[in-house]
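Note sheet for the following structure.
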Amino acid sequence: MKKILVATDFSACATNAMQYAMELAKILHTEVCALHAIGSLEGVFNNTYNALYIEDYHNSKREALTRWAASFTSREEFHGVPVTTFCEVGSVSGLVTKYIDANPVELLVMGTMGSTGITGLFGSNASTMVEKTKTPTLIVPLESKFSIQPTITLATDFSSSLSAEDVNALKELSLAFRSEKLNVVHVLEGPAWKTNAAGEENLKTLLGPTELDFKYIKEDSPIEGIVNFIVSSETDILCLVKRHHNLVYRIFNASTVNKVMARAIKAILVLHE
């Protein structure tokens with residue numbers, strides 16, 4: 001069975017991300033795995049290494065993760081959603097990578113502080129995983145709540161090609177949510193105004209049978225244009241393709257925009273070339 005992997009530190013952000021993941025798993029019919037990384041120095045006091053005590057400490061963290069996961073599986077609305085746990089010593093990025101390499105993970109879900117700290121997205125564990133993994137990664141701000149019929153927007157400059165995994169993730173999301181269409185927004189740079197017929201056809205081929213609604217934005221400030229569209233369209237999930245030098249990725253790396261996005265976006269799905 002395909003899996004949704006949720007990294008947790010037991011915080012409110014992680015709890016909200018797990019809630020989102022459980023709702024997704026319910027409609028996608030997938031398994032959820034809750035992962036917790038134990039820091040290599042956790043449980044070591046006064047520079048005295050006590051192997052027995054350390055093992056007890058590690059077991060207590062594994063038990064805490066099991067209880068945390070059970071707080072979701074015990075709910076009536078999540079009856080039938082299979083949940084497993086994975087807890088080892090190491091860094092978050094190291095353990096996530098290890099788990100993904102050994103399991104059929106379809107989606108990685110991580111929480112962030114949202115409007116109180118959305119800029120942390122690009123300087124945190126979430127940022128590290130976005131950089132390291134090829135797995136589609138859903139970033140869920142703290143104030144985000146799951147929507148059964150979300151408005152999904154793909155921001156593109158047509159210069160990036162989606163991977164097979166990302167195409168599959170987008171298709172499954174669209175089908176699961178019964179979305180009749182997917183917004184595709186393209187930001188134009190320079191003085192010329194022109195549509196991109198070849199780019200549109202390529203996306204239609206990749207993402208069919210979902211209807212794609214192409215929108216072209218041209219403003220003095222590309223940032224303002226795309227953010228205004230996201231607000232006006234009431235986007236629930238913004239999809240970005242990770243490619244360091246494309247326009248969209250440059251726009252959403254800007255800290256000022258991240259602050260605005262925190263007020264407008266409920267979740268960000270990072271895709272890969």
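For residues that are at pLDDT 80 or above and open to solvent by 10 Å² or more (accessible area, probe 1.4 Å), tally how many sit in region 232-267.
4
Return the residues of region 162-185 that are open to solvent by less than 70 Å² (accessible area, probe 1.4 Å) and either in a strand (DSSP E or B) or among the acidic types (Asp, Glu) (or both); say none if nothing qualifies.
ASP166, GLU172, LEU182, ASN183, VAL184, VAL185
Take region 26-49 and flag every residue that is assigned to a loop (DSSP other than H, G, I, E, B), open to solvent by 40 Å² or more (accessible area, probe 1.4 Å) and modelled with pLDDT of 65 or more.
Across region 26-49, the qualifying residues are HIS29, SER40, LEU41, GLU42.
Taking region 64-82, which residues are open to solvent by 40 Å² or more (accessible area, probe 1.4 Å) and within 22 Å of ASN103 (Cα to Cα)?
Matches in region 64-82: THR66, ALA70, THR73, GLY80, PRO82.
Name the single residue that is surrounded by the fewest Cβ atoms within 10 Å (Cβ to Cβ) among those in region 150-161 being out of contact with any Ser or Thr (no Cβ under 9 Å at 6 or more places or on another chain) and modelled with pLDDT of 75 or more.
We begin by selecting, within region 150-161, every residue out of contact with any Ser or Thr (no Cβ under 9 Å at 6 or more places or on another chain); these are 154-161.
Filter again for modelled with pLDDT of 75 or more, leaving 154-156, 158.
Values: LEU154: 23, ALA155: 25, THR156: 24, PHE158: 15.
This residue is PHE158.
In region 186-216, which residues are more than 23 Å from the chain's Cα centre (by Cα), modelled with pLDDT under 85 and either of a type in the set (D, E, K, R) or surrounded by fewer than 16 Cβ atoms within 10 Å (Cβ to Cβ) (or both)?
GLU189, GLY190, PRO191, ALA192, TRP193, LYS194, THR195, PRO209
The values are calculated or read from the model by the stated rules, or taken from the named source; none is laboratory data. These numbers come from a predicted model, not from an experiment. Don't worry about glycine lacking a Cβ; one is built from the backbone with ideal geometry, like all the others, and counts go over all protein chains shown. The accessibility values were calculated without ligands, DNA or RNA, using every heavy atom of the protein model including side chains. Shrake-Rupley method; radii C 1.70, N 1.55, O 1.52, S 1.80 Å.
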